[in-house]
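As C-alpha cells, the structure follows; a few thoughts come after it.
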Amino acid sequence: MGNYLEVAVEAAKLGGDVLKQYYQQNKCIEHKGEIDIVTNADKRSEKLIVELLSARFPRHSILAEEGTDMAQPSEFKWVIDPLDGTTNFAHDYPFFCVSVALEKNGEVVVGVVYHPILEELFVAEKHGGAYLNGRRIGVSKVDRLRNALLSTGFPYDVLVDPEDALQHFESFIHTAQAVRRDGSAALDLCYLAMGRFDGFWELRLKPWDTAAGILMVTEAGGQVTDFGSETYSIYQDQTLASNGLIHDQMREVIDRSTKTSSSV
C-alpha cells in the first residue's frame, strides 16, 4: 500500500494548502441546510484532491463530501472530506482538517488526516500502525469512564431531532471526567488514537467523516463499533470509538440514556 499512502499524503497536504490560503480571509459561504454550510475553500480543496487522485488512479472510484461521486467498477474507492470542520473554518476557529481514505473491497486500508494549522499529519495503513508526523501513536490506558476525557459532535439535524444526541451528551457529562465538542469528527478520532481523548461517540456521521479516523483508532490499538454490537461500517449512522478499556462502560451509558429517552 506504500504508493497509495504516499499519494494520500500528497492529496491531504494539497487540500491543506488550500485551507491555509483561505484561512482568516473573506470566504464565500453557502448553506446546504439551516446550520450545514459549505465554503469556497471546501470546493477548491475537493477539486484539487479529486483531480490528483483521478490522474494517478483513473480507474478508482471516488466519494467526496461536496458532491464528487465517481462510482465505477473498481475494488478501490477513495473517500474524501476536503474540509472537516467547515463551521469552525468559517469562523476562523483553528480546528479543522482534510481527511483522505482508501477502501479496498469495502475495507479501509489507508487513512490520512492533516491539520494544516498545527501541521499535524496523521497516517495509518491496515496492519501497519498509526503515526503522527512520523512517530507511532497509541491509545490511552485510562480504564475508568469517570477518569476519561471524551469527545463528540451533534448531527446537523439536531434542531429537528435532538432527543438521542442531547440525552447521550447529558449522560456522559454525568459519568465521564469531561466531554469536549470541537466540531471535527476526523480530528476527534485522531486525537483518540494518540491518547488525547479516551473515547468518542456520535450519531449520523457520513463515510467521509470517519473513514480515515476509524482506521487511525484501530491501528493505534483502539476499538470501534456501533452503539449496540461489535460491528462497524463507515456507512452506518452510529459511531462508538474508544481506547478499548472503557468501551463497554460507554456502551452501557448509551444504552441507559437511549432507554430513558424512549420512555419519556
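Any read-out appearing in this document is the output of simple, stated calculations on the displayed coordinates, not a laboratory observation. Keep in mind that this is a model prediction, so the values were computed, not measured. Using ideal geometry, Cβ is built from the backbone for each residue, glycine included, and neighbour counts are taken over all protein chains shown.
Note that segment 114-130 has calculated 3J(HN,Hα) couplings of 10, 9, x, 6, 8, 6, 9, 10, 9, 9, 8, 10, 4, 6, x, x, 10 Hz, one per residue in order, obtained from phi through the Karplus relation 6.51 cos²θ - 1.76 cosθ + 1.60 (θ = phi - 60°); glycine and proline are x.
Each residue of segment 142-156 is assigned a 3J(HN,Hα), and the resulting list reads 5, 10, 10, 4, 4, 9, 9, 9, 10, 9, 7, x, 10, x, 5 Hz, derived from the Karplus form 6.51 cos²θ - 1.76 cosθ + 1.60 (θ = phi - 60°), x at Gly and Pro.
With r defined as the distance between the Cβ atoms of GLU51 and ALA178 and R0 fixed at 45 Å, what FRET efficiency is calculated, to the nearest 0.05? Each step should come with its number before you reach the end.
Working: r = 42 Å, r/R0 = 0.93.
E(calc), rounded to 0.05, equals 0.60.
Taking a spot 7 Å from the Cα of ASP237 along the direction of its beta carbon, which residues of segment 184-222 have an amide N less than 12 Å from it? Taking a point 7 Å out along Cα→Cβ of ASP237, the residues of segment 184-222 whose backbone N falls under 12 Å are 203-206. Here's the picture: a label point sits 7 Å out from the Cα of ASP17 along the beta-carbon direction, and within segment 57-77 the residues with their amide nitrogen under 20 Å of it are 57. Distance between the modelled labels on GLU230 and TYR93, one decimal in nanometres: 3.8 nm (7 Å Cα→Cβ projection). Ordering of 76-88, 125-137 by packing is 76-88, 125-137, highest average first (other Cβ atoms within 10 Å, averaged per residue).
Taking Cα atoms only, the orientation of helix 40-56 departs from the longest principal axis of the chain by about 60 degrees.
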